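These notes concern the structure reproduced below.
The values are calculated or read from the model by the stated rules, or taken from the named source; none is laboratory data. Owing to the predicted nature of the structure, the values given are computational and were not obtained by experimental measurement. Because the Cβ atoms are built from the backbone with ideal geometry, glycine has one as well, and the counts that use them run over all protein chains shown. Surface areas here come from the heavy atoms of the whole protein model, side chains and all, with no ligands, DNA or RNA. Shrake-Rupley method; radii C 1.70, N 1.55, O 1.52, S 1.80 Å.
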Protein chains: 2
Amino acid sequence: MEYRIGMDLGGTNIAAGLVAGGELLVRRSVPTRAAEGEHAVIARMVSLVRELSAECGAGPGGVASLGVGTPGAVEPDSGRVLFCNNLGWRDVALRERLGEATGLPVAVGNDADCAALGEALFGGERRSDMALLTIGTGVGLGVVRDGTLVTGMRGAAGEFGHTTLIAGGELCSCGRRGCLERYAAFPALIRAAQRAADGGDIPLARLRDEGCLNGREIFALARGGSERAAALVSSFIGHIGDGVVNLVNLLDPGCVVIGGGIAPEGEYVLAPIREKLSREAYLGQRLPPVVMAALGGDAGILGAAALTPRQ
Amino acid sequence: MEYRIGMDLGGTNIAAGLVAGGELLVRRSVPTRAAEGEHAVIARMVSLVRELSAECGAGPGGVASLGVGTPGAVEPDSGRVLFCNNLGWRDVALRERLGEATGLPVAVGNDADCAALGEALFGGERRSDMALLTIGTGVGLGVVRDGTLVTGMRGAAGEFGHTTLIAGGELCSCGRRGCLERYAAFPALIRAAQRAADGGDIPLARLRDEGCLNGREIFALARGGSERAAALVSSFIGHIGDGVVNLVNLLDPGCVVIGGGIAPEGEYVLAPIREKLSREAYLGQRLPPVVMAALGGDAGILGAAALTPRQ
């Protein structure tokens with residue numbers, strides 16, 4: 001049995017798993033705490049590798065490789081993270097540093113690309129021509145055509161989160177204004193909920209006071225009948241839907257798959273997106289199916305584990 | 001010598017040429033007058049084919065094939081135009097109707113794809129990995145990777161003009177709001193100039209009264225020192241620049257090529273776009289060159305002529 005470690009480095013959590021034969025055997029997750037800087041984050045990644053290696057009972061030598069999906073733009077050959085606004089990283093030699101610290105062969109890819117690869121390999125049918133949109137701390141895009149990942153002309157394509165939703169709009173941490181990511185990733189929902197809580201909305205203020213003002217809790221409140229939370233979530237899903245219409249108009253994919261932290265919200269998110277797509281897509285007569293990632297939030301771990309380290 | 005006819009069906013003009021060995025021998029252009037309906041437009045296309053066939057001195061039999069680039073979404077196998085907002089066409093069997101009327105083998109492709117193909121084949125160096133943005137009556141996108149045209153998963157990709165610039169913004173003729181095309185194609189500039197003319201701007205009112213309120217004349221006025229025209233053109237170029245940043249963030253192309261009706265404006269357009277790109281691109285450290293189509297407005301004709309008719 002060949003064990004591999006797959007890791008999904010997110011803006012909020014680092015999720016990692018021990019994988020064998022495309023199955024996730026053990027899963028671990030720790031907060032990213034990106035504000036503590038790249039050294040601290042990489043140290044946490046290394047600790048996760050040690051924990052998971054210990055799980056397979058053979059120490060690091062029992063693991064064949066480590067694959068990491070990271071947000072932002074990655075140079076595939078070197079495994080350098082060129083820029084990542086959500087982590088605040090610029091030119092970080094991630095592959096080299098993880099390789100030195102763990103002794104493992106390491107591969108680094110874009111997180112949404114990894115999720116798309118995971119879905120394409122292990123997500124079941126109709127995944128050979130798809131656009132996978134990840135919604136979490138950021139917005140990512142992975143595209144699979146004819147069963148093969150499209151990684152862009154120079155390895156850094158797919159920064160779909162940094163295309164305009166509202167030109168000249170809110171300032172994004174990438175430096176540009178009005179990026180889709182500024183409206184269609186969880187921090188946008190959390191900021192809006194924070195404003196509503198500060199403005200006196202009782203259920204949202206309670207969440208805030210309990211320190212639970214996160215995407216999952218705001219969605220739970222919306223599903224539970226809180227009007228204000230439902231309105232915020234509806235607007236948030238509307239922005240994701242704008243992104244889906246853009247994707248469909250631009251790429252005409254065989255299928256749109258939505259993954260990342262939003263995956264557990266299922267039909268509650270999908271139904272209004274499908275409705276928007278049917279109203280607004282350029283080719284209304286042939287809409288691709290819009291589905292959640294079959295592997296949910298684990299697509300990125302499984303895809304990262306499947307990356308082949310370059311020697 | 002094998003003669004082919006290439007035709008670039010635009011929202012404003014139908015341009016066509018007799019092509020041999022990648023050279024444009026004769027060029028003809030007539031107004032499209034899309035408002036007269038598809039029968040009238042197709043009749044004008046057929047007349048152009050007859051004129052150009054006569055030029056090569058052998059009648060229709062002397063021409064090997066007809067290739068047509070059309071705006072909107074095309075189904076490549078059938079040569080049907082599924083939808084084109086600029087012409088107001090929906091499900092028009094263009095290949096079949098042109099084939100019946102001319103007796104020629106006919107190929108139909110998207111206009112921006114044709115322009116990209118023309119540039120890739122005949123546009124000189126550095127065209128094997130590029131994104132070609134056409135700016136004219138509409139906004140089109142053709143993508144070439146490794147020397148091959150990327151025509152999308154189901155043949156209708158690249159409706160980049162119908163991705164959002166300003167979500168919820170101005171109503172586009174595709175039915176959606178805030179599309180890039182609504183802001184970054186010539187009709188947007190002409191509408192703004194019309195408003196300025198109606199508001200009393202003397203140079204623009206003169207253009208209007210002379211019936212010359214078109215893109216080229218408004219650009220000429222801006223270059224000539226008219227402040228209002230220069231401000232309108234600057235804002236227009238800014239929107240094109242927004243589109244270029246989106247393209248670069250999304251596709252990371254080796255080169256951005258700008259074609260279509262705006263091609264003759266050269267550096268006047270390119271310089272502010274490059275400046276915006278250097279300020280706003282996600283990966284500021286490696287910006288692709290931004291250049292005008294080497295073949296100018298003829299790229300679409302040459303690329304259409306190079307299409308291979310399906311039997």
Query - Hey, B:R195 within 14 Å of chain A (Cβ to nearest Cβ), more than 23 Å from the chain's Cα centre (by Cα) and open to solvent by 30 Å² or more (accessible area, probe 1.4 Å) or not - result: no
Query raised in the report: Name the residues in the stretch B:198-212 that are small (G, A, S) and open to solvent by less than 40 Å² (accessible area, probe 1.4 Å), would you?
Result: B:A205
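Can we say B:D77 is more than 12 Å from chain A (Cβ to nearest Cβ), open to solvent by 20 Å² or more (accessible area, probe 1.4 Å), closer than 19 Å to B:T308 by Cβ and under 13 Å from the mean Cα position of the chain (by Cα)? Spell out how you get there, then give the answer.
Working: more than 12 Å from chain A (Cβ to nearest Cβ): yes; open to solvent by 20 Å² or more (accessible area, probe 1.4 Å): yes; closer than 19 Å to B:T308 by Cβ: yes; under 13 Å from the mean Cα position of the chain (by Cα): no.
For B:D77, the condition - more than 12 Å from chain A (Cβ to nearest Cβ), open to solvent by 20 Å² or more (accessible area, probe 1.4 Å), closer than 19 Å to B:T308 by Cβ and under 13 Å from the mean Cα position of the chain (by Cα) - is not met.
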Query raised in the report: If we scan the stretch B:116-128, do we find a residue that is out of contact with any His (no Cβ under 9 Å at 6 or more places or on another chain), part of a loop (DSSP other than H, G, I, E, B), within 12 Å of chain A (Cβ to nearest Cβ) and small (G, A, S)?
Result: yes
Query - Where B:L250 falls short, out of the listed (1) assigned to a helix (DSSP H, G or I); (2) out of contact with any Phe, Trp or Tyr (no Cβ under 8 Å at 6 or more places or on another chain); (3) within 14 Å of chain A (Cβ to nearest Cβ) - result: (2)
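Quick one: in the stretch A:253-280, which of the residues that are of a type in the set (V, I, T) and touching a Leu at 6+ places or on another chain (Cβ under 6 Å) is farthest from the other protein chains (Cβ to nearest Cβ)?
The initial filter retains those residues of the stretch A:253-280 that are of a type in the set (V, I, T), namely A:256-258, A:262, A:269, A:273.
Filter again for touching a Leu at 6+ places or on another chain (Cβ under 6 Å), leaving A:257-258.
On the way: A:V257: 13, A:I258: 17 Å.
Here the answer is A:I258.
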Query - A:V233 within 14 Å of another protein chain (Cβ to nearest Cβ), open to solvent by less than 10 Å² (accessible area, probe 1.4 Å) and on the phi < 0 side of the Ramachandran plot - result: no
Query - Those residues of the stretch B:15-73 which are of a type outside the set (A, V, I, L, M, F, W, C), open to solvent by less than 70 Å² (accessible area, probe 1.4 Å), touching a helix residue (DSSP H, G or I) at 6+ places or on another chain (Cβ under 8 Å) and more than 17 Å from B:A305 (Cβ to Cβ), in sequence order - result: B:T32, B:G59, B:P71
Query raised in the report: For the stretch A:251-291, what are the residues that are touching a helix residue (DSSP H, G or I) at 6+ places or on another chain (Cβ under 7 Å), open to solvent by 30 Å² or more (accessible area, probe 1.4 Å) and acidic (D, E)?
Result: A:E280
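With respect to B:V245, is the statement that it is within 21 Å of the chain's Cα centre (by Cα) and within 30 Å of B:G147 (Cα to Cα) true? Working first, answer last.
Working: within 21 Å of the chain's Cα centre (by Cα): yes; within 30 Å of B:G147 (Cα to Cα): yes.
It is true that B:V245 is within 21 Å of the chain's Cα centre (by Cα) and within 30 Å of B:G147 (Cα to Cα).
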**Report entry** Criterion violated by A:S47 - all others in (1) of a type in the set (S, T, Y); (2) in contact with a Gly (Cβ under 7 Å, 6 or more places away or on another chain); (3) free of Cβ contacts under 8 Å to residues at least 40 places away in the same chain satisfied
**Finding:** (2)
Query raised in the report: Is it the case that B:A131 is outside the structural domain of B:D252 (by TED's automatic domain parsing), at pLDDT below 95 and open to solvent by less than 10 Å² (accessible area, probe 1.4 Å)?
Result: no
Query raised in the report: Taking the stretch A:42-75, which residues are outside any strand (DSSP E or B) and in contact with a Lys or Arg (Cβ under 7 Å, 6 or more places away or on another chain)?
Result: A:I42, A:L48, A:E51, A:L52
Query raised in the report: Out of the residues in the stretch B:281-291 that are more than 7 Å from every other protein chain (Cβ to nearest Cβ) and within 15 Å of B:P253 (Cβ to Cβ), which is modelled with the lowest pLDDT?
Result: B:R286
Query raised in the report: How many residues does the stretch A:90-115 hold that are touching a residue at least 24 places away in the same chain (Cβ under 8 Å), in contact with a Ser or Thr (Cβ under 8 Å, 6 or more places away or on another chain) and not in a helix (DSSP H, G or I)?
Result: 7
**Report entry** The one condition in (1) in a strand (DSSP E or B); (2) under 14 Å from B:I262 (Cβ atoms); (3) hydrophobic (A, V, I, L, M, F, W, C) that B:A131 fails to fulfil
**Finding:** (2)
Requested in this report: Please state which of the following conditions A:V244 fails to meet, knowing it meets all the rest: (1) within 13 Å of chain B (Cβ to nearest Cβ); (2) modelled with pLDDT of 95 or more; (3) open to solvent by 10 Å² or more (accessible area, probe 1.4 Å).
Outcome: (3)
